[in-house]
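Everything on this sheet refers to the single structure shown next.
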Amino acid sequence: MLGLIITFLITFVLLFAVLELQNFLTIKKSVFLKEEDGVKYWFIKSKYVNARARKSVFFGKNIFVYKEYDERIIAHEKVHLEQINFPYLIILISSLGISISFTTMNPIPVVLSVLYTIALSQHYERDADLRAYKGKSMFPFSSNRPNRLRRIIGWLDTHPPTWIRDSDEYYNKENDLFYLFIRDIIIQKA
């Protein structure tokens, strides 16, 4: 039991340090835009329009704007700043999975922690979509559903697949993500 606790603490501290180093390096390569309501906005040169919210113990609340400032994307990222600090939750869950797997020499806890963090991440992404876009898709295009294998792979991401996020069903709060997953993978044909 002591080995499990020590392994957990070491893993947590290392992952925490890596995350905060990543925050530092991202800020270092960014250009400061403004600070508004306790949130610092940074610009990062990119090919694609996007943004990313990050809460940091050392660097506070930040939104990184890629290529250009888009109010719709920023609204989504602002919701993330109101949510639980998800990267730290991932570190906590991952540290637990890694330490249990390391002490038991069983890979299943790591696999389960990865699947659990994917499910949690998609939950928080959908919450941000529902609160920011108020029932209207943020995607200005209609995305085509790929074949079943690519759909399965698409669900193994931190965000629900684009073809799901672009559907009216996604913005109906009565449809949970598990229902949308089952409907997409098993029920609907490609």
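The values are calculated or read from the model by the stated rules, or taken from the named source; none is laboratory data. Keep in mind the model is a prediction, meaning the values are calculated, not measured. Cβ coordinates were reconstructed from backbone atoms using ideal geometry, including for glycine residues, and neighbour counts include every protein chain displayed. Ligands, DNA and RNA are stripped out before the accessible areas are found, and what is left, the full protein with its side chains, is counted by its heavy atoms. Shrake-Rupley method; radii C 1.70, N 1.55, O 1.52, S 1.80 Å.
Restricting region 1-84 to trypsin sites (Lys or Arg not before Pro) that sit in a DSSP loop and have at most 12 other Cβ atoms within 10 Å of their own Cβ leaves K29, K45, K47. Expressed in units of 2.2 N^0.38 Å, where N is the residue count, the Cα radius of gyration of the chain is 1.15. Of the residues S101, S113, S121, the one that moves most in a GNM of the chain with alpha-carbon contacts below 10 Å is S101. Would you mind telling me the antiparallel percentage of the DSSP bridges in the chain, rounded to 5? The antiparallel proportion sits near 65 percent. When the pairs K45/K173; K29/K55; K29/K61; K34/K67; K29/K78 are compared against a 26 Å limit on Cα-Cα distance, K45/K173 fall above it. Panel values: region 86-126, Kirkwood radius from alpha carbon pairs, Stokes-Einstein at 10 °C and 1.306 mPa s, translational diffusion coefficient 155 µm²/s.
Per residue, how much accessible area does the chain show when a 1.4 Å probe rolls over the protein heavy atoms, in square angstrom?
Numbers: 11610 Å² over 190 residues.
Solvent-accessible surface per residue comes out at 61 Å².
In the chain, helices alone account for a calculated mean residue ellipticity at 222 nm of -17500 deg cm²/dmol, with every DSSP H run of four or more residues adding -39,500 (n - 2.57). Per the Cα gyration tensor, region 56-131 maps to an equivalent ellipsoid with semi-axes of 30, 14, 10 Å, ordered largest to smallest.
Using only alpha carbon pairs under 8 Å that are at least six residues apart, calculate the relative contact order of the chain and give it in whole percent.
So the answer I get is 16 percent.
Prolate is the label for region 63-107. Its Cα gyration tensor axes, ordered a ≥ b ≥ c, give a/c of at least 1.5 and a/b above b/c.
Let me know the longest stretch in the chain that avoids all chymotrypsin sites (Phe, Trp or Tyr not before Pro) found in a DSSP loop with at most 16 other C-beta atoms within 10 Å. Could the numbers behind the result be given before it?
On the way: sites that count: Y48, F58, F59, Y69, F141.
With chymotrypsin sites (Phe, Trp or Tyr not before Pro) excluded where exposed in loops, the chain gives 70-140 as its longest stretch.
The share of accessible area on the chain that comes from carbon and sulfur is 65 percent, using a 1.4 angstrom probe.
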